[in-house]
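Right, one structure below, let's go through it.
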Amino acid sequence: MLSADDNNSKNYRENKKLAMRTPQIFRYFVLSILLVFSSYTLSQEPVRIAFMDPLTGAFASIGNSGLKQLQFAADYLYNSKGGILGGRMIEIVPLDNKQSPTESQLQFRRAVSGGIQYIFQGNGSAVANALNDAINRHNRRNPGQEVMQVNYSAVDPILTEENCSFWHFRWDAHANMKLNILTDYIAANEGINSVYIIGQDYSFGQVVSDTSIELLRQKRPDIKIAGNEFHPIGQVKDFTPYVTKIVASGADAVITGNYGADMVSLARSIIDNGLDIPIYTFYAAYDGITATLGEDGKDRIRLIHNETSNPIPTEQRKEFYRAFKAANPNNDVTQPRITNALMMIVQAMEETQSTDPYDVGLALEDMRFTTIGGDEVWMRGEDHQVFQSLHISVHTDEGVEFDADNSGFGLYTEYSVPLEETIVPVNECRMRRPRR
Amino acid sequence: MTVIKKSTVWICYLLGLLALPQFFDSVLAISIFNQMAIAIVFALSYNMLLGQGGMLSFGHAVYFGLGGFLAVHALVMIEFEILSFSIIWIPLVGGFIGLLAALFIGTFSTHKAGTVFAMISLGIGELIAASSLIFVSFFGGEAGISGDRTFGPPFFGIEWFQNLEIYYLAVAWVFIATLFMYFFTLTPAGKMANAVRDNPERAEFIGYSARRVRYITFCAAGFFAGIAGGLFALNYEFITEENLNAATSGRVLLSAYIGGLGYFIGPIIGAVVLTLMNSLLSNYSDLWMLYLGIMFLLTVLFLPRGFAGFIMMHQMVWAHGKIKSLVLPYLITGVPSFIFVIASVGLIELSHTDEAEFYYLGLNFDSTTAIDFILISIAVLAALFCIRKSLPQLRAAWESANEISDDDEKEAQS
Amino acid sequence: MLEVFIFATLNGLVTGLLLFMLASGLTLIFSMMGVLNFAHASFYMLGAYFAYSISLHFGFWTGLIFAPIIVGVLGALVERYGLRRVHQHGHVAELVFTFGLAFLIEEAVQFFWGADTKNYQSPDLLDFPLFTLFGQEFPAYRGFMIGISITIFISLYYVLTKSRIGIIIQAALTHPHTVSNLGHNVPLIFMGVFGVGTALAGVAGVMAGPVLTTFPGMAVVLGSIVFVIVVIGGLGSLAGAFIASILIGLLQSYAIASDLGMPDLLNILGIEFSRDHPLTDLWTLTLPQIAPILPFLLLVLVLIFRPTGLMGKREQ
Amino acid sequence: MSVLSLHDVTKNFGETEIIRGVSLNIERGEKHAIIGPNGAGKSTLFHLISGLYNVTGGSIKFKDKEIQNKKPYEISRLGLARSFQVTNIFARLNVFENVRCSLLWSSGYKYSFWHLLGRQKELNEKTLEVLEQIGLQDKKLTPAGELAYAHQRALELGIAIASGAEVIMLDEPVAGMSLTEAESAVELIHRITEGKTLIMVEHDMNIVFDVADRISVLVYGEVIACDKPENIRANTHVQEAYLGEVVTDA
């Protein structure tokens, strides 16, 4: 590990090097291009925020849906009302990382090239980790041009534990927090005597498996772990053989962290083979999945997430949903945390009257904020992990005012846990704070 | 005389590479150049295998990736002071690992060329890509492993903070690697690789074991792929399993093929074109992969020897000064072709967009009504019609240009 | 344990027979034209997507009939205007062409149908359990899949051995040049075989779409496996392809069903490693974990020790 | 003293016996022709000697070493070169490179990847000499695949003789040539095999009687006669079995 002194001397050398080059010219260059091409042609430079997620390829629908939400939130909440910081618009710059760590690195350089200092990213913990590394390296080597990682959805605990960083803020509950609530819920269900855990063979799948087993052992030692299975990501053609094992094991419930096509195939196999047990999971709604599961999945799939989908508590948020739906008839507000993140960052900017990620970062630490859904949010300063109430919802068509994929089906919240009960202690985060 | 002429090409190559950052110096541009440098070495190494040695591989990324993984591990070891050497040697670490892997895998995969080799390479590629997700302690799972290049002893005061510094280092390696790969084609082993590609049976009757010749080429290709992997490690400072999976193998096949197999310069062209498409085109359109696929298929269909082959086709005409006679016919076909491409892209984009208003080439289209669709469709059809009409003319011009060349040659000979 | 074994066998058979539907077309194409069609699984995907679109308006059964026909016509067109042109540049060019085609079809599918999964449903008519064994249902649709596959195998076998065109094709399998010397319109036969081969892939797609999820990655998942089958079975051997399909279907199914792994092996050997051993990933490997890569392992082994495949005769 | 001797060589393909116990001794410096009707097994015999096929039984000795079932390249390195009935050249290499490749092993370069071929003066001169011998010096930069048929045949010979092997086996060297082409080819064969051992399969009897010192007649995988040309011509047995019909055909 690097000592603080080394760090400083490196920074110093770095500064000298930078002074010798001419980044200013470049910035003017970018600016002038912007002035020519920007559709706003404003007197003031817009605040540019990048949205980096897969916009092409297999995961494109999730990425594009997120992009639309961020774009809409920026326009609806700020740009249409005269902007922020006394008249500056928010400009969302889409960057397609194709769900690849390598491509993310390239897109990150593109962002830096364009003078962007805030990057929203959510899909894929591998990408988030790679981006975290890249941003830390960049910020260390280029003081004054720091970039903040706005993680709205990557749930690998490591990002706010061992690898926590001043420049990374997470607006989603991490996997362990979610599992904590999910296992509470399972433990409280007397009918469940054994569970089967199945997941994709990678870090998140393993986290889900290890943590659920540990937590269930603490909470309900009598629950039998009927199976603990890993399958390769995206390689399984047919989940029926796995379902056979689940049937044979006599499990009463399935826990899985699968996403994308692996989630759909697994759920479909379980349903098609007539196995009538609940599935507890994270990513089994929206972006085509709800429509695909349809009637078959009713009352069988339960998800853990923040911000309820149905019923929605405040009129303000309902209004936001309706406006979004009017603008994007084929999409849903799948990730309200994108809006939360944007609103909190803007609030921090307004407080500090600065767009420098360092100032904004300090202002975000320990910020308490009320979302348009009336939910209270706390950004913990020690590890930059957000806390807010968590909910478990069921896939159904009853009581669903805001459905998903225009299918009539959606999520209905059955169980909620207030903010205080979601808090987990800071375990392994020893954050190195930059000095100014 | 010829020595000077030949070295001029090389000096231009080196100067061109060195001068690039003088013209484009944004962070993004440097990052694209770095990518290009890596792609060039990788594509050249693939060409050694397929173009020179006739071995169609669907798993060449294995050597690239393994080289890269070991290179990142070496960076980590330097960081933790287990090793201590300047990071300029990291590509060599990658190359060495690529070579080792090829030495081992080559013992059973080079037995035959053709489909058998292709299938073994596919199988090995899938196996290693799958194992890379299973053996997490070495490969780091889907998140990969990462290092930091700034911890080694400084090299003449350079500590490799900036990507520009890495670019110059990459240029040095690209130049050396290109030079050595070129020299390889001029050695007995390199020439015999061509001979075995053309006719493995006959090669055996002039004293060479086809298998051994393939093995040597295979190992050399593995070595240079590893060097490319090492450069990757230096540039990105991390590597993941996606760098040794089938998609990466497919991409290098694409770039070598589009550039032109068999021509030494082909893969360089291919690598540059593909990198630019990947990093620039993808910004303008979600559909760039579709365009890439179409371009690839058209290349296979109409330019079987790639871009380099297309250029080389004109060598004879050029040498006999007949190129002028082709300019007009090329223009007559070229202009409608250009319009055809532009209009087709417009049509595809227009039918893909969700927005009601659609900007393309500074024009504003309305995707909700049929009129704009019809207008563009008419443009596409008209251009297509013009191309069809002008093609016989082009063909005739081409043939006459080449025919006269033949006559000239006969005159020259008699 | 017995129930797991029985269901594993059934699942293996379903997968194997599905794979055979793909492999049979690929084998036919390879035998005749000497080219491994990389895009074969892409036609399978097209089958699923066409059937999905048709089923939205006309129901599943119309899709089952028309989707393969559309796919077959597309395949024939690809042969006529693509492959035939590339043929003159040799096998590498052909292989590369089909490789590019696979790439393009995947992109085209995303262009026309989008990147998300499609809600392609099996018909209501078959939406009942065929039988229930040890508490697990065996869906009627899977039984239907088995039925269709076996029907195809039998009729293909019958056509190839009994009909005139079949005999010509059989001859072309082993002696392509002689057949063309005998004055048969070999290009037309090629086009026909390519069309029929891709149509078979289309049928597989129609059948598999509702079970294996219809999404743009479905070709990639299956594509290389089908290759593996054709090579393991022996290039140009229908029987070999059949055996290899079933073999791989069962192999994967049993591997997943089993709970064996390195820990069990080490137990038997009486060796123990701590969890932080550098090779701990290797010591904790289980069979289900590596099930999907077993075919590739088998492929490499077969190619090293028996390059002609299990039933193959022709050296290349 | 015989340089190449076959002892009771047999070769079966499955059930079919193609070569049925051939014994043959070729003397050093001899020009030996093998004739026989189509399907007699002449080419198969060549393939057995040069190592393309493995024998089913019997032994083949080359310079007192057993070479049956050895790999072609091992046999080639011992000094036995051959040409093919169907043109068998390196199509995408140019003529010069074709010949130079066949000189590489005998010049001791082996699998070297540290010699630059352009700088090997002696090798390149030797290549030019061979090109001159086969009369292709004007075409040296033409890709071999684009040569006219007769030139390809000449190159085929060139590749076979370039290495300076002492035993040269030619499989129908003038097959498919016009009369004048064949004449110059025969002259070429005379020229390039001077002082060497030649084994040749040929259908054209005029050429056979012109070139050969001794002739073996192979019928259905058996040598039915092996003698001087004039004796073969006189041998009624041979005439009955084979010679008569071919002569009238020609």
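What number of residues within segment D:43-85 satisfy the criterion of being of a type in the set (Asp, Glu) and touching a strand residue (DSSP E or B) at 6+ places or on another chain (Cβ under 8 Å)?
Here the count works out to 1.
Got a number for residues in segment C:72-122 being modelled with pLDDT under 85, of a type outside the set (Gly, Ala, Ser) and closer than 27 Å to A:Gly260 by Cα?
Selection size over segment C:72-122: 6.
Here is a check on your reading of the model: is C:Val230 of a type in the set (Val, Ile, Thr), within 23 Å of C:Ile29 (Cα to Cα) and within 14 Å of chain A (Cβ to nearest Cβ)?
Numbers: of a type in the set (Val, Ile, Thr): yes; within 23 Å of C:Ile29 (Cα to Cα): yes; within 14 Å of chain A (Cβ to nearest Cβ): no.
Judged against the criteria, C:Val230 is not a match.
Among the listed residues D:Ser102, D:Ser107, identify the single one that is outside any strand (DSSP E or B) and either more than 14 Å from D:Leu157 (Cα to Cα) or in contact with a strand residue (DSSP E or B) (Cβ under 7 Å, 6 or more places away or on another chain) (or both).
D:Ser107
List every residue pair whose Cβ atoms sit under 9 Å apart, with the two residues 6 or more apart in sequence or on different chains, where the first one lies in segment A:338-357 and is more than 17 Å from A:Arg317 (Cβ to Cβ) and touching a residue at least 24 places away in the same chain (Cβ under 8 Å) and the second, anywhere, is in a helix (DSSP H, G or I) and of a type in the set (D, E, K, R).
So the pair list comes out as A:Met349/A:Asp359; A:Gln353/A:Asp359.
Please indicate, with yes or no, whether at least one residue in segment C:180-192 is surrounded by 15 or more Cβ atoms within 10 Å (Cβ to Cβ) and modelled with pLDDT of 85 or more.
yes
In the list C:Gly25, C:Gly72, C:Gly34, which residue meets the criterion of being surrounded by fewer than 24 Cβ atoms within 10 Å (Cβ to Cβ), away from chain A (no Cβ under 14 Å) and closer than 26 Å to C:Gly240 by Cα?
Exactly one of C:Gly25, C:Gly72, C:Gly34 is surrounded by fewer than 24 Cβ atoms within 10 Å (Cβ to Cβ), away from chain A (no Cβ under 14 Å) and closer than 26 Å to C:Gly240 by Cα, namely C:Gly34.
Please indicate, with yes or no, whether at least one residue in segment A:228-247 is within 30 Å of the chain's Cα centre (by Cα) and away from chain C (no Cβ under 13 Å).
Scanning segment A:228-247 turns up no residue that is within 30 Å of the chain's Cα centre (by Cα) and away from chain C (no Cβ under 13 Å).
Here is a check on your reading of the model: is A:Val360 in a strand (DSSP E or B), hydrophobic (A, V, I, L, M, F, W, C) and surrounded by 20 or more Cβ atoms within 10 Å (Cβ to Cβ)?
Judged against the criteria, A:Val360 is not a match.
Tell me, please, whether a residue that is in the same structural domain as A:Ser153 (by TED's automatic domain parsing) and in contact with a His (Cβ under 7 Å, 6 or more places away or on another chain) can be found in segment A:110-124. Before the answer, list the steps.
So in segment A:110-124, the residues in the same structural domain as A:Ser153 (by TED's automatic domain parsing) come out as A:110-124.
Adding the requirement that they be in contact with a His (Cβ under 7 Å, 6 or more places away or on another chain) leaves A:112.
Yes, some residue in segment A:110-124 is in the same structural domain as A:Ser153 (by TED's automatic domain parsing) and in contact with a His (Cβ under 7 Å, 6 or more places away or on another chain).
Condition (residue is part of a helix (DSSP H, G or I), under 23 Å from B:Tyr263 (Cβ atoms) and either touching a residue at least 24 places away in the same chain (Cβ under 8 Å) or within 14 Å of chain A (Cβ to nearest Cβ) (or both)) applied to segment B:65-80: is it met by at least one residue? First the steps, then the outcome.
So in segment B:65-80, the residues part of a helix (DSSP H, G or I) come out as B:65-79.
Then drop every residue that is not under 23 Å from B:Tyr263 (Cβ atoms), which leaves none.
No: segment B:65-80 contains no residue that is part of a helix (DSSP H, G or I), under 23 Å from B:Tyr263 (Cβ atoms) and either touching a residue at least 24 places away in the same chain (Cβ under 8 Å) or within 14 Å of chain A (Cβ to nearest Cβ) (or both).
Hey, can you tell me all the residues within segment B:174-212 that are within 7 Å of chain D (Cβ to nearest Cβ) and within 16 Å of B:Leu103 (Cβ to Cβ)?
The answer is B:Ala189, B:Arg212.
Could you tell me which residue of segment A:250-306 is farthest from the other protein chains (Cβ to nearest Cβ), considering only residues that are small (Gly, Ala, Ser) and outside any helix (DSSP H, G or I)?
The residue in question is A:Ala253.
Out of all the residues in segment C:95-133, which are at the interface with another protein chain (Cβ under 9 Å from one of its Cβ atoms), farther than 17 Å from C:Gly209 by Cα and either among the acidic types (Asp, Glu) or free of Cβ contacts under 8 Å to residues at least 60 places away in the same chain (or both)?
C:Val96, C:Phe97, C:Gly100, C:Phe103, C:Leu104, C:Glu107, C:Ala108, C:Phe111, C:Pro129, C:Thr132
Do any helices (runs of 4 or more DSSP H) lying entirely in segment C:15-95 carry at least 1 residues that are in contact with a Leu (Cβ under 7 Å, 6 or more places away or on another chain) and hydroxyl-bearing (Ser, Thr, Tyr), and which ones are they?
Hits in segment C:15-95: C:40-58.
Each row is one residue, and each column tells you yes or no for (1) touching a helix residue (DSSP H, G or I) at 6+ places or on another chain (Cβ under 6 Å); (2) in a helix (DSSP H, G or I); (3) surrounded by fewer than 17 Cβ atoms within 10 Å (Cβ to Cβ); (4) within 14 Å of chain A (Cβ to nearest Cβ).
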{"residue": "C:Gly205", "(1), (2), (3), (4)": "yes, yes, no, yes"}
{"residue": "C:Ile268", "(1), (2), (3), (4)": "no, yes, yes, no"}
{"residue": "C:Glu272", "(1), (2), (3), (4)": "no, no, yes, no"}
{"residue": "C:Ile293", "(1), (2), (3), (4)": "yes, yes, no, yes"}
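Return yes or no: is B:Met295 surrounded by fewer than 24 Cβ atoms within 10 Å (Cβ to Cβ), touching an Asp or Glu at 6+ places or on another chain (Cβ under 7 Å) and not in a loop (DSSP other than H, G, I, E, B)?
Spelling it out, it is not the case that B:Met295 is surrounded by fewer than 24 Cβ atoms within 10 Å (Cβ to Cβ), touching an Asp or Glu at 6+ places or on another chain (Cβ under 7 Å) and not in a loop (DSSP other than H, G, I, E, B).
Out of all the residues in segment B:299-323, which are closer than 19 Å to C:Gln88 by Cβ and over 17 Å from the mean Cα position of the chain (by Cα)?
B:Leu301, B:Phe302, B:Met312, B:Met313
Return the residues of segment A:147-162 that are under 19 Å from A:Met344 (Cα atoms) and not in a helix (DSSP H, G or I); say none if nothing qualifies.
The answer is A:Val147, A:Met148, A:Gln149, A:Val150, A:Asn151, A:Tyr152, A:Ser153, A:Ala154.
Which count do you get for residues in segment A:380-420 that are free of Cβ contacts under 8 Å to residues at least 24 places away in the same chain and more than 28 Å from A:Ser65 (Cα to Cα)?
2
Mind checking whether some residue in segment B:312-321 is of a type in the set (Val, Ile, Thr), buried (at least 17 other Cβ atoms within 10 Å of the Cβ) and within 14 Å of chain C (Cβ to nearest Cβ)? Don't jump to the end; show me each part of the working.
Of segment B:312-321, the ones of a type in the set (Val, Ile, Thr) are B:317.
When the remaining residues are screened for being buried (at least 17 other Cβ atoms within 10 Å of the Cβ), the result is B:317.
Now drop any that are not within 14 Å of chain C (Cβ to nearest Cβ), which leaves none.
No: segment B:312-321 contains no residue that is of a type in the set (Val, Ile, Thr), buried (at least 17 other Cβ atoms within 10 Å of the Cβ) and within 14 Å of chain C (Cβ to nearest Cβ).
Look at A:Ile304 and say whether it is in contact (Cβ under 8 Å) with a residue 12 or more places away in the chain, out of contact with any Phe, Trp or Tyr (no Cβ under 8 Å at 6 or more places or on another chain) and in the same structural domain as A:Tyr415 (by TED's automatic domain parsing).
It is false that A:Ile304 is in contact (Cβ under 8 Å) with a residue 12 or more places away in the chain, out of contact with any Phe, Trp or Tyr (no Cβ under 8 Å at 6 or more places or on another chain) and in the same structural domain as A:Tyr415 (by TED's automatic domain parsing).
Kindly establish whether A:Gly373 is outside the structural domain of A:Asn180 (by TED's automatic domain parsing) and not in a strand (DSSP E or B). Steps first, please.
Values: outside the structural domain of A:Asn180 (by TED's automatic domain parsing): yes; not in a strand (DSSP E or B): yes.
Answer is yes for this residue.
So, of the residues in segment C:120-149 that are β-branched (Val, Ile, Thr) and under 19 Å from C:Ile6 (Cβ atoms), which turns out to be surrounded by the fewest Cβ atoms within 10 Å (Cβ to Cβ)?
Within segment C:120-149, the match that is surrounded by the fewest Cβ atoms within 10 Å (Cβ to Cβ) is C:Thr132.
In the list B:Leu276, B:Leu301, which residue meets the criterion of being out of contact with any Pro (no Cβ under 8 Å at 6 or more places or on another chain) and within 14 Å of chain C (Cβ to nearest Cβ)? Spell out the reasoning first.
Details: B:Leu276 fails: within 14 Å of chain C (Cβ to nearest Cβ).
Sole residue among the options that is out of contact with any Pro (no Cβ under 8 Å at 6 or more places or on another chain) and within 14 Å of chain C (Cβ to nearest Cβ): B:Leu301.
Could you check segment B:155-164 and list, in sequence order, the residues that are in a loop (DSSP other than H, G, I, E, B) and more than 10 Å from chain A (Cβ to nearest Cβ)?
The answer is B:Phe156, and nothing else.
Which residues, counting only those in segment A:109-124, are of a type in the set (Gly, Ala, Ser) and either in contact with a Cys (Cβ under 6 Å, 6 or more places away or on another chain) or at the interface with chain B (Cβ under 7 Å from one of its Cβ atoms) (or both)?
A:Ser113
The values are calculated or read from the model by the stated rules, or taken from the named source; none is laboratory data. Quantities reported herein were computed from a predicted structural model and do not represent experimental measurements. Note that we place each Cβ from the backbone using ideal geometry, even for glycine, and neighbour counts take in every protein chain shown.
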